[in-house]
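Asks: Here it is: the structure, laid out below.
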Amino acid sequence: MTRPDYMALALAAAERAAAAGEVPIGAVLVDGATGDVLATAHNRTETDADPTAHAELLAIRAAAAARGEPRLVDCDLYVTLEPCPMCAQAISFARIRRVYYGAADPKGGGVAHGPRIFEQKTCHHRPEVYPGIGEERAGALLRAFFAARR
């Protein structure tokens with residue numbers, strides 16, 4: 001699969017989130033060496049009554065459990081929205097190799113906006129970051145979701 005194919009999987013997960021009444025964010029974790037999809041997740045904060053049930057964290061937990069190891073050194077994360085500070089810190093702790101994200105999040109992001117976690121001196125691991133992958137579709141999903149709730 002190519003990068004757009006992985007982001008298409010993340011966008012499909014985001015659509016499932018929206019259908020479930022969750023903020024439409026999807027994530028896919030990929031083994032960078034083999035190209036195998038290790039985990040696919042979408043936000044489940046409402047469903048699970050868990051403020052930490054963000055798509056990225058759920059994908060990281062599933063991939064780490066599947067591999068039986070806490071670090072995902074050679075893995076790449078595709079997520080439809082710029083990770084928040086909590087998710088960015090988890091990405092660093094998991095030692096994820098690359099992060100590809102769709103829409104920027106000027107209000108709640110933690111990578112290119114807000115605290116810019118990966119730029120902090122205290123951040124021990126900085127993944128490569130590639131913004132704007134599938135940005136238009138990811139942004140449209142989010143705008144439609146929130147417009148319907150206003």
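The values are calculated or read from the model by the stated rules, or taken from the named source; none is laboratory data. Small disclaimer: the values here were computed from a predicted structure and weren't measured. Glycine also receives a Cβ, built like all others from the backbone with ideal geometry; neighbour counts cover every protein chain displayed. Keep in mind that these areas ignore ligands, DNA and RNA; they rest on the heavy atoms of the full protein, side chains included. Shrake-Rupley method; radii C 1.70, N 1.55, O 1.52, S 1.80 Å.
Asks: I need the full set of residues from region 64-75 which are open to solvent by less than 10 Å² (accessible area, probe 1.4 Å) and acidic (D, E), in order please.
Replies: Within region 64-75, none qualify.
Asks: Is it the case that region 10-19 has a residue that's surrounded by fewer than 24 Cβ atoms within 10 Å (Cβ to Cβ) and free of Cβ contacts under 8 Å to residues at least 12 places away in the same chain?
Replies: Yes: region 10-19 contains one or more residues that are surrounded by fewer than 24 Cβ atoms within 10 Å (Cβ to Cβ) and free of Cβ contacts under 8 Å to residues at least 12 places away in the same chain.
Asks: Return only the number of the condition from (1) assigned to a helix (DSSP H, G or I); (2) within 21 Å of A64 (Cα to Cα); (3) over 13 Å from the mean Cα position of the chain (by Cα) that L142 does not satisfy.
Replies: It is condition (2) that L142 fails.
Asks: Tally time: how many residues in region 101-129 are outside any loop (DSSP other than H, G, I, E, B) and either on the phi > 0 side of the Ramachandran plot or surrounded by fewer than 14 Cβ atoms within 10 Å (Cβ to Cβ) (or both)?
Replies: The qualifying residues number 2.
Asks: So which of A39, A62 ends up being in a strand (DSSP E or B), farther than 20 Å from V111 by Cα and among the small types (G, A, S)?
Replies: None of the others qualify; the one that does is A39.
Asks: Picking from T34, T45, which residue would you name as being open to solvent by 10 Å² or more (accessible area, probe 1.4 Å), over 15 Å from the mean Cα position of the chain (by Cα) and hydroxyl-bearing (S, T, Y)?
Replies: T34
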